[in-house]
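Computed from the coordinates by the stated procedures, all read-outs in this text should not be read as laboratory data. Being a predicted model, the structure only gives us computed values, none of them experimental. Neighbour counts are summed over all protein chains in view; Cβ atoms, including those assigned to glycine, are modelled from backbone coordinates with ideal geometry.
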Amino acid sequence: MMNMPLTVGSMLERAEKFFPKKEVVSRTLSGVHRFTYEEIGKRTRRLSSALERIGVSQGDRVGTLAWNHHRHLEIYFAAPGMGAVLHTINLRLSQEHLVYVINHAEDKVILIDEDLLPLIEGIKDRLTSVEAFIIMSDNDELPETDLSPVHSYEELLSEADESYEFVKDIDENAPAGMCYTSATTGNPKGVVYSHRGIVLHGFAMALADTAALSESDRCMPVVPMFHANAWGLPFAATWLGTTQVLPGPQFTPKLLAEFIESEKVTVTAGVPTIWLGLLKELDEGNYDTSSVRAVLCGGSAAPSGMIKAYETKYKMPFLHAYGMTETSPLVTLSRLKSYQEDLPEQDKLDIRAKQGLLVPGLEMKVLGANGEVAWDGEEMGELLIRGPWIADEYYKDERTEEAFRDGWLHTGDVVTVDNEGVIKIVDRTKDLIKSGGEWISSVDLENALMAHEAVFEASVVAVAHPEWQERPVACVVLKDAYKDTVSAEDLQAFLKPQFAKWWLPDDIVFLDEIPKTSVGKFLKRSLRDKLKDHLLSGTK
Ligand code: AMP
């Protein structure tokens, strides 16, 4: 067979060639904009040529701080198309972590949405590699900023060359993108995506037994474009000529519901928190959602009650999927096998609420205490994955050794496998709390609490929350001398200046002692069991 490299640039070229009339619908702060793939193609080529003009060359990192909109989509292709590397920066990171990821990736330029400027202005003096900022704004005039040098995105484009040729001789294993993921403690860890990985992941998204993404879809990724490339949807959708509906900076449930109705969205994707919010809006409003053929849900476990509500009340088919930043991200997706269609409704729902079946192209292994676990839905073990769109290291990071061993990614997710091969996540070994799709480090909160003079021991655990899936609750043992003088409010006030607001524990519970394992580690499982209903309505 021919050895033809799989490149990100060729994905856009296909859309330009075969689907020039198909549309990208994009909402920004100034309203809804429509572009054809022909226009997106020209604007993207202009952007590549403009980036080249301001000094970006092959291999350089191009950072983005942006919502889901057409300009972000253009950078998705402009950077890899010219052989540079797209670095999508998570805009919810703390200042410390923003500084770390930008410096660690050595971003040469940063493209930033106008409304996100304060995020960068506050840290600009600590950035060591950035040579220019490009501001994405709908206004003709650049906003006031103390960043320097700054360019206007639209102005750069207007002066640039729309016939720019994407680099042809790119090694398919060369980096095309990167994204940082939270660590159990300390700085985020970088994951680099190759051209080849992104294209193969695109195939995986289009398979009939996975997300079945196709040209006829109208796809609205609510999952941010800085989160594992919005699950690879912008790449795959462009390649397939799918209409894209990009919801922009304001994705309130109401605006999402309206966009679904007005743009006749067929596929949408996001974390459970988004779908819980939308469900409430659908219950209260009167929207036509009949166009939707798949609500893709991942990032945290999808509650089966929610799946049922979407499907029975709103006839919106739900697809539960599992993956990680390290895995591009699609790993498993939950669909019934053809011979399971006749099972009782509850049994079918139980299967579909699991994380699902491994997608073609990947391999898995589940390691328990005595080697590979039995496929009995009972024995638990850690999920190990390998495949052509799975990272094999963290970027310039010694923590690589913890997760990538013997040719496998050790996911840190504890699962069971049933006799059909369907996995169910039952626990995680990584000490992180996932709140509304974003990670909070329990270790960092514990360390901060234990630095307080009154605190003898502290353990922070994930507790189920009706809106955010999980929230942190801190269990604290006070030193005897402080038992009557220090309150939960005092400790909250102590934590407040050290963390982003959304990291602060929802509650601080005082205990006489923290249960421990035989080797003296905190027995978090027992704390989680004890607190499992703590944040459900009315119990706190
Ligand atoms: P991230 O890299 O931020 O996308 O997070 C990946 C992690 O999120 C996984 O290792 C799991 O712990 C968790 N996760 C992702 N999808 C699911 C899911 N469908 N159900 C439960 N946990 C999930």
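Remark: the GLN498-SER163 segment gains 115.7 nm on full extension, using 0.36 nm per residue and subtracting the alpha carbon distance. Between TYR482, HIS452, TRP439, the Cα set farthest toward the positive side of the dipole of the stretch 433-530 (charges on each charged residue's Cβ, about the Cα centre) is that of TRP439. From the alpha carbon centroid of the stretch 397-469 to that of the stretch 120-164 is 37 Å. The fraction of Cα-Cα pairs per 5 angstrom bin, counted from 0 for the stretch 433-530, comes to 2, 14, 25, 25, 20, 11, 4, 0 percent, rounded to whole percents. Cross-link partners for LYS479 among the aspartates and glutamates, with Cα-Cα distance under 20 Å and sequence neighbours closer than 8 places in the same chain left out: GLU446, GLU453, GLU457, GLU489, ASP490, ASP507, ASP512, GLU513. Computed from point charges on the beta carbon alone (+1 for Lys and Arg, -1 for Asp and Glu), the dipole magnitude for the stretch 92-153 about its Cα centre is near 360 Debye. Counting neighbouring beta carbons within 10 Å and listing from fewest to most, the residues MET450, MET205, MET316, MET364 come out as MET450, MET364, MET316, MET205. Computed over neighbours whose Cβ is under 15 Å from that of TYR287, the net charge equals -2, Lys and Arg +1, Asp and Glu -1.
Taking label positions 7 Å along the Cα-Cβ direction at both SER129 and LEU523, the computed distance is 4.6 nm, reported to one decimal.
Net charge of the neighbourhood of LEU256, taken over other residues with C-beta under 15 Å away and scored Lys/Arg +1, Asp/Glu -1, is -2. Only helices enter this figure: runs of n ≥ 4 DSSP H residues, each worth -39500 (n - 2.57), summed and divided by the residues of the chain, yield -8500 deg cm²/dmol at 222 nm to the nearest 500. Taking the Cα centre of the chain as reference, the dipole from Cβ charges on Lys and Arg (+1) and Asp and Glu (-1) amounts to some 820 debye. Modelled this way, with points 7 Å down the Cα-to-C-beta line, the labels at GLU420 and LEU29 are 4.8 nm from one another.
Between amide H atoms placed 1.01 Å from N, distances below 5 Å from THR243 occur with ASP217, CYS219, all of them 5 or more places distant or on a separate chain. Per-residue 3J(HN,Hα) values for the stretch 214-228, derived from phi via the Karplus relation 6.51 cos²θ - 1.76 cosθ + 1.60 with θ = phi - 60°, read 8, 4, 6, 6, 10, 9, 10, x, 8, 4, x, 6, 9, 10, 6 Hz in sequence order (x marks Gly and Pro). Sorting 69-75, 512-518 by average packing, meaning the other beta carbons within 10 Å per residue, from highest down gives 69-75, 512-518.
Volume per residue for the chain equals 167 cubic angstrom (convex hull of Cα atoms). Stretching GLN346 away from ASP480 to a fully extended chain increases their span by 43.1 nm, per 0.36 nm per residue minus the current alpha-carbon distance.
Between amide H atoms placed 1.01 Å from N, distances below 5 Å from LEU478 occur with PHE456, LEU511, all of them 5 or more places distant or on a separate chain. Other residues with beta-carbon under 12 Å from the beta-carbon of THR184 carry, at +1 per Lys or Arg and -1 per Asp or Glu, a net charge of 0. The distance linking the stretch 344-370 with the stretch 201-249 is 23 Å (Cα centroid to Cα centroid, whole angstrom). Packing, taken as the mean count of other beta carbons within 10 Å per residue, orders the peptides 188-200, 159-171, 111-123 from highest to lowest as 188-200, 111-123, 159-171.
Sorting the segments 496-504, 249-257 by their mean number of nearby beta carbons within 10 angstrom, highest to lowest, gives 249-257, 496-504.
Each residue in ARG428, ARG34 was given a count of other beta-carbon atoms within 10 angstrom of its own, and listing them fewest first yields ARG34, ARG428. Net length available on complete extension from GLU311 to SER291 is 5.9 nm, with 0.36 nm assigned per residue and the Cα-Cα distance removed.
Considering only DSSP beta bridges with both partners in the chain, what is the antiparallel share in %, to the nearest 5? Here the share of antiparallel DSSP bridges comes out near 60 percent. First check a/c for the stretch 58-156, with a ≥ b ≥ c the square roots of the eigenvalues of its C-alpha gyration tensor; if it is under 1.5, answer rounded, and if not, answer prolate when a/b is larger than b/c or oblate otherwise. Note, shape of the stretch 58-156 comes out rounded.
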